[in-house]
Amino acid sequence: MGLLLIINVHSAGLQDREGAKSVLEMWAAKFPALELIWADGGYAGKLVDWVSTNLQRVLSIVKRPRKSGFKVLQWRWIVERMFGWLNRSRRLSKDFEALCETSETWIRIAMIQLMIRRLAKTT
């Protein structure tokens, strides 16, 4: 099983659930073998049914445990870890970009820098 992480930035004026529809349509077209999608609890509700009906995929919501205290959520740590890596990039510490495409490009550059540093350590 492989994990796939795709960056897609949309306007802050667009509700996340609405923005997710265009992202999920793009993923379904680009990766037809994609069957299961994990999402944060903020995407619960009508989006789960929309994915099932329109994309014939399964949108699984990673729910927080009801107990208080720290607990690692299955699969969510992968996304949170990536956000931690991106926060090390000074350029991404603030949202200054005027275009969504520019933000996506800077995120890709930050991830490329991270990969290059890790590859340099192994050689």
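Data table
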read-out	value
3 or more residues of a type in the set (D, E, K, R): qualifying helices (runs of 4 or more DSSP H) within region 15-116	16-30, 76-87
Among (1) at pLDDT below 85; (2) β-branched (Val, Ile, Thr); (3) more than 21 Å from residue 111 (Cβ to Cβ), the one test that residue 51 misses	(1)
Residue satisfying condition, being modelled with pLDDT of 85 or more, surrounded by 14 or more Cβ atoms within 10 Å (Cβ to Cβ), under 30 Å from residue 109 (Cα atoms) and not β-branched (Val, Ile, Thr), within set 33, 20, 39	20
From the options 8, 54, residue that is surrounded by 11 or more Cβ atoms within 10 Å (Cβ to Cβ) and closer than 26 Å to residue 112 by Cβ	8
Test result for residue 114, at negative phi and out of contact with any strand residue (DSSP E or B) (no Cβ under 6 Å at 6 or more places or on another chain)	yes
Of residues in region 63-101 being exposed (fewer than 15 other Cβ atoms within 10 Å of the Cβ) and touching a helix residue (DSSP H, G or I) at 6+ places or on another chain (Cβ under 7 Å), the one modelled with the highest pLDDT	85
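The values are calculated or read from the model by the stated rules, or taken from the named source; none is laboratory data. It should be emphasised that the depicted structure is a prediction, and the values quoted were computed from it without experimental measurement. Positions of Cβ are backbone-derived with ideal geometry, glycine not excepted, and every protein chain shown enters the neighbour counts.
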